[in-house]
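Report on one structure; see the data block that follows.
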Amino acid sequence: MFAKSDIRKITIAVEKNLHSEVFAALGKASIVHLARVEENNSRPEARLEKEESCSREILAGVEYILNALHISPEEAGAPTGTTPAREGMTFVVETKRIVERALRLLARIGEQAEAVARRVEQANALGQMGIDPVTLGKARLIKTTFGMVARTDWEPPSSERFAITRAGGYVFGVALPADFPEMDQFIEGGEFTDLSRDIAPVPLEELRKRAGDLNRRREIVLGYVDRLKEERGSALNRLRTGCLTHQQVLAAERMSLFSAGAMFLSGWMDVRDRDRLVAILEGICGDRFLISEHKDPGAPVRLRNSKLFKPFELLVKIMGMPSNSEIDPTPFTAITFVLMFGLMFGDFGQGLVIVLAGVILKRLGVKKSRDQLAQAGGVMIACGGCAAVCGLLYGSVFSSEHIIAALWFNPAEHVMRLFSVTILMGVVFIMTGLCVNIVNSFLGGDLTEAFFEKRGLVVLALYAAVVFCVVRYEVSGRLPSVPGISLFIVLPLVLFSLKGVLGPALFKSAGPQSISEYIIETALEILEIGLGLFANTISFIRVGAFALAHAALSIVTYTLAAMADPELKSAGAIVVIIAGNLFIIGFESMICTIQSMRLEYYEFFSKFFKGEGVVFMPFTLKGKASEV
């Protein structure tokens, strides 16, 4: 508990011709967080640039083919360690050429089929009007027009000088040459589109036969495309996976350094994985490799918590990763967050519902391999369990306070007691945060921060003394003695005021630049500390306030149910109770979570947490790298 994995900086040297096998094995094992090997005037090998260009070209071709053939890309599987070669490029170019030819043929067939379909539709319309398109082109003494009108309310006019007929949206007009302009004027009033030139002097049966031929040709081409998908789809997906894997390997190789006969790579590893790393290198290189390791203060961080606390790493990582000079605050986060949520959401039945929801969410996260979802489910299980326990202490079951007796007290009946408990809880949390900061300062070697700064030992002593005096006065009415005030209040203030003198004298830290500025700055800091700690402490009263809000919503739920049925036995009353409980579970759980996070981060974490660490991200070819 509170410990992190021992991450060491490592440097590995292997023979140059084994670089691909080494990186493939390391990517599969996922145990090394790679770092760039810094070397003056070093440039990537020409081989890397050539292979990257080839891999990008192959991958672009594969993606185009998969998209054209509507083949879903498969998830990247285990790395094969193979490199996309000339055969892969030949395969992609040949397949792309075949696909493009098939797509062009389908496009031409589609255009022809569309044109034939239009002519069949026009021939059908002419047939409904009693017009034969074959004989229509032989007319010499009359002029005709054919097309479509957009206006649905347009009707053909009656006239002795020309004839117009309509079938659906199509119209056909015939007139003597002298009367054609007048007929054309009437037709234009219907927003006419002339299609006379599109009329094919071909019988309808022949057009239908041509449409059938085109459809058969289209089916033949589509069948060929389907066979192509069956024959080459799996190979394309394997090639895509190989390209993606190879690109990851090349990106890792760019971080390494190559000499004439050797490759040097650098990074970090968990010391618990050292034997695995050595075994991997021995399996590939035999005894022809070198490996060195040493401690690194700037190494990435991997948290190491028990199953009980691990879900709460999610809350810690929201604020950042603790550095190597900070202790892991996850256990503190688990205890404080769950306790605040439980006190605000104290209900036995509703808490069990949240536990059930957490179990479902956790199983869903495990099933879909989504760590954050599973961790969120674990947090819900713990919060729901604490809410259920607090429900027993409050005597609340599904918003009812008449089913069981309170094991502790009822919040609505003991408001001041509730507020006192939550404020004292806040005092403990704040003092714990100050203690954690003191420990972190010792770990980081900043003794001035540990003893004399705003979150150091003197401020902790001052805050504890003030709280003790206030509590004793409230309980017994006794005021603090003069020696007590001098020792536990005045002395810490004096030591804090002299930090600019004591720090350089005792711990060789930097001193103040100007005496006047130092005095003003110290006075303002004392005022800030007093106001800040007072505000931090009072802020925890919101835990009690939201516990009362939860009780108020419960009272409202049963009041509305009693309006439907004073006996609370009718279907209407039961529906109101169920709906009210569901609303409280949804609304109050969200509000209590937000308030718990607010108190956690602003009142507790602000006392010690810096979050300047880097997450340990092992190089992996199995998918997206994640902190383990």
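Taking segment 1-21 only, how many residues are among the hydroxyl-bearing types (Ser, Thr, Tyr) and over 24 Å from His294 (Cβ atoms)?
The qualifying residues number 1.
Tally up the residues in segment 518-529 that are within 26 Å of Phe442 (Cβ to Cβ) and either of a type outside the set (Asp, Glu) or free of Cβ contacts under 8 Å to residues at least 40 places away in the same chain (or both), please.
Residues that pass the stated criteria total 5.
How many residues, within segment 306-330, are under 18 Å from Leu434 (Cα atoms) and polar (S, T, N, Q)?
3
Could you tell me whether any residue of segment 570-582 is within 26 Å of Phe332 (Cα to Cα), within 33 Å of the chain's Cα centre (by Cα) and either open to solvent by less than 50 Å² (accessible area, probe 1.4 Å) or without any contact (Cβ under 8 Å) to a residue 12 or more places away in the chain (or both)?
no
Of the conditions (1) assigned to a helix (DSSP H, G or I); (2) more than 30 Å from Thr330 (Cβ to Cβ), Gly377 satisfies every one except a single condition; which number is it?
Single failed check for Gly377: (2).
Does Leu244 satisfy the condition of being at pLDDT 90 or above and touching a helix residue (DSSP H, G or I) at 6+ places or on another chain (Cβ under 8 Å)?
When the stated conditions are applied, Leu244 does not pass them.
Restricting attention to segment 391-442, which residues are touching a Cys at 6+ places or on another chain (Cβ under 9 Å) and either open to solvent by less than 50 Å² (accessible area, probe 1.4 Å) or small (Gly, Ala, Ser) (or both)?
Hit for segment 391-442 is Ser396, nothing else.
So Gly147 clears everything in (1) surrounded by fewer than 18 Cβ atoms within 10 Å (Cβ to Cβ); (2) within 60 Å of the chain's Cα centre (by Cα); (3) not charged (D, E, K, R) except one condition, right? Which one?
Result: Gly147 passes all but (1).
In this structure, is Thr241 open to solvent by less than 60 Å² (accessible area, probe 1.4 Å), farther than 30 Å from Glu293 by Cα and in contact with a Gly (Cβ under 7 Å, 6 or more places away or on another chain)?
yes
Limited to segment 101-143, what total is found for residues that are of a type outside the set (Val, Ile, Thr) and open to solvent by 60 Å² or more (accessible area, probe 1.4 Å)?
17
Based on what the data block shows, is Arg254 under 34 Å from the mean Cα position of the chain (by Cα) and open to solvent by 60 Å² or more (accessible area, probe 1.4 Å)?
Yes, satisfied.
Working only within segment 296-312, note down all residues that are part of a helix (DSSP H, G or I) and open to solvent by less than 70 Å² (accessible area, probe 1.4 Å).
Residues satisfying the conditions are Pro311, Phe312.
Return yes when Phe348 is within 25 Å of the chain's Cα centre (by Cα) and modelled with pLDDT of 95 or more and no when it is not.
When the stated conditions are applied, Phe348 does not pass them.
For segment 435-450, check the following and say yes or no: at least one residue is more than 22 Å from Pro329 (Cα to Cα) and not in a helix (DSSP H, G or I).
no
Of (1) part of a helix (DSSP H, G or I); (2) in contact with an Asp or Glu (Cβ under 9 Å, 6 or more places away or on another chain); (3) surrounded by 15 or more Cβ atoms within 10 Å (Cβ to Cβ); (4) not acidic (Asp, Glu), Arg455 satisfies all except one. Which?
Evaluating Arg455 over (1) part of a helix (DSSP H, G or I); (2) in contact with an Asp or Glu (Cβ under 9 Å, 6 or more places away or on another chain); (3) surrounded by 15 or more Cβ atoms within 10 Å (Cβ to Cβ); (4) not acidic (Asp, Glu) leaves (1) as the failure.
Which ones in segment 176-211 are of a type in the set (D, E, K, R) and either without any contact (Cβ under 8 Å) to a residue 12 or more places away in the chain or part of a helix (DSSP H, G or I) (or both)?
Residues satisfying the conditions are Glu182, Asp184, Glu188, Arg197, Asp198, Glu205, Glu206, Arg208, Lys209, Arg210.
May I ask you to list the residues in segment 26-68 that are at pLDDT 90 or above and part of a loop (DSSP other than H, G, I, E, B)?
Ser30, Ile31
Which is touching a Pro at 6+ places or on another chain (Cβ under 8 Å), of a type outside the set (Asp, Glu) and over 17 Å from Gly377 (Cβ atoms), of Pro322, Pro331?
It is Pro322.
Against the conditions (1) surrounded by fewer than 19 Cβ atoms within 10 Å (Cβ to Cβ); (2) among the β-branched types (Val, Ile, Thr); (3) under 24 Å from Ile541 (Cβ atoms); (4) under 24 Å from the mean Cα position of the chain (by Cα), where does Thr333 fall short? Just the number, please.
The single condition Thr333 does not satisfy is (1).
Which residues, taken from segment 494-517, are open to solvent by less than 60 Å² (accessible area, probe 1.4 Å) and either free of Cβ contacts under 8 Å to residues at least 12 places away in the same chain or hydrophobic (A, V, I, L, M, F, W, C) (or both)?
Leu495, Phe496, Leu502, Pro504, Gly511, Ser514
The values are calculated or read from the model by the stated rules, or taken from the named source; none is laboratory data. Just so it is clear, the structure is predicted and the values come from calculations on it, not from any experiment. Please note: Cβ atoms are built from the backbone with ideal geometry, for glycine as well, and neighbour counts cover all protein chains shown. Just the protein is used for accessible areas: all its heavy atoms, side chains included, with ligands, DNA and RNA removed. Shrake-Rupley method; radii C 1.70, N 1.55, O 1.52, S 1.80 Å.
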